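First comes the structure, then the notes that go with it.
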Amino acid sequence: MISWEERLRLIMAIIDKDRRIPLWMWLTTFLIAIIGFFLLLPAAISSVSFYRFTFTWYDSSLRSYYAISAALSSLLLGLTFAHFHYGEVHRGTIRSIILYPVDINDITIAKLASSLIVSAMLSTILFVGFFGGFFLMGAFPLGDFLAIHVTALLMSFLALAVGVFLAQGIAHLAGRMVISPTALGAIFLLFSIVMTETGLSVIATQVAYILKPTGRALEMADYAAITRFAQSFSVFSPHHVGARILGIAFGITGMWADLHVVLPIAVFVLAGGYLFGKKLYLDIFVR
């Protein structure tokens, strides 16, 4: 029986290997951030010099900026996890990893941690780069925007981790790897954005327009029903919870953060996936 200290050492060894991403990825990220900085710099200067812009948080502005950060962090987390996990399987190098006394949990935790570290660095460079002009001009509060970025990153990571460990739980019940952790993690990342109140409202509104009788416009009762629908099901999205927590912190709303749904589900899936992740299925080499 391997000790926790030895398992931790092996996990850290995998993380140390993964975090050494190619130089071109760093250069590309910095280049995109610099281009975004100069593209938005005129708007930052004009907002202070000409319009005497004073930043105030509103529900609509928080939703907009949080959506940008959530989309950015989810995209980078999904790509980096696919690179570290699926790429390891696709290249066949995972065979060298399992020669060590590790189980699928150790590999999963290492790959998730690697994805979080690398995507946090890359997304922060891009996020600060694009809005850097506004920060330099004092138009945007840097602390608040960093709080948005960190919260969105953590909520995206929670969605990814739940999807990955759920794939392990399904593999245990089915006796084989039915759906890869990379695929299910990506699905959960997408759902965490789509299932927000804004995302559900947009989708439900489009469906209502398609289903409404010809010549009839949507009425206030229809929009109220759409709002109730979106508010009811958005509690399943980690990003809804993240935005609600920020709304409370910024003094925008005094509503409950809706932790009563996401948190128990996440704990249940993570714990179950971890307990069921002791067995390394052979078809992980081909999926």
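The values are calculated or read from the model by the stated rules, or taken from the named source; none is laboratory data. If you're wondering where the values come from, they're calculated on a predicted model, not measured in any experiment. Reconstructed Cβ throughout: ideal geometry from the backbone, glycine too, with neighbour counts over all protein chains shown.
Select from the range 101-128 the residues that are touching a residue at least 60 places away in the same chain (Cβ under 8 Å), within 14 Å of VAL164 (Cα to Cα) and among the aliphatic types (A, V, I, L, M) and list them in ascending order.
If the condition is that a residue be touching a residue at least 60 places away in the same chain (Cβ under 8 Å), within 14 Å of VAL164 (Cα to Cα) and among the aliphatic types (A, V, I, L, M), then ILE104, ILE107, ILE109, ALA110, ALA113 are the ones that fit.
Assuming ARG216 fulfils every condition listed in (1) surrounded by 10 or more Cβ atoms within 10 Å (Cβ to Cβ); (2) farther than 24 Å from ALA67 by Cα apart from one, which condition is it?
Tallying (1) surrounded by 10 or more Cβ atoms within 10 Å (Cβ to Cβ); (2) farther than 24 Å from ALA67 by Cα, ARG216 fails exactly one: (1).
I'd like to verify a number: residues in the range 168-203 that are basic (Lys, Arg) and assigned to a helix (DSSP H, G or I), how many?
Within the range 168-203, residues that are basic (Lys, Arg) and assigned to a helix (DSSP H, G or I) number 0.
Let's see how each residue does on (1) in contact (Cβ under 8 Å) with a residue 24 or more places away in the chain; (2) surrounded by fewer than 23 Cβ atoms within 10 Å (Cβ to Cβ); (3) over 15 Å from PHE276 (Cβ atoms); (4) of a type in the set (Ser, Thr, Tyr):
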{"position": "ALA161", "(1), (2), (3), (4)": "yes, no, no, no"}
{"position": "ALA171", "(1), (2), (3), (4)": "yes, no, no, no"}
{"position": "ALA174", "(1), (2), (3), (4)": "no, yes, no, no"}
{"position": "MET177", "(1), (2), (3), (4)": "yes, yes, no, no"}
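Tell me which of these ALA204 doesn't satisfy, since it passes every other one: (1) surrounded by 15 or more Cβ atoms within 10 Å (Cβ to Cβ); (2) farther than 24 Å from ASP59 by Cβ.
Failing condition for ALA204: (2).
Do we have GLY199 as surrounded by 15 or more Cβ atoms within 10 Å (Cβ to Cβ), closer than 26 Å to ASP144 by Cβ and either in contact (Cβ under 8 Å) with a residue 40 or more places away in the chain or under 23 Å from the mean Cα position of the chain (by Cα) (or both) here?
Answer is yes for this residue.
With modelled with pLDDT of 90 or more and not small (Gly, Ala, Ser) as the only criterion, which of LEU99, LEU153 stands out?
None of the others qualify; the one that does is LEU153.
Read through the list (1) of a type in the set (A, V, I, L, M); (2) surrounded by 13 or more Cβ atoms within 10 Å (Cβ to Cβ); (3) over 23 Å from the mean Cα position of the chain (by Cα); (4) modelled with pLDDT of 80 or more, then give the number of the only condition that VAL48 fails.
It fails just one condition, (4).
Please verify whether ALA224 is out of contact with any helix residue (DSSP H, G or I) (no Cβ under 9 Å at 6 or more places or on another chain), exposed (fewer than 14 other Cβ atoms within 10 Å of the Cβ) and part of a helix (DSSP H, G or I), treating the condition exactly as stated.
In short, yes.
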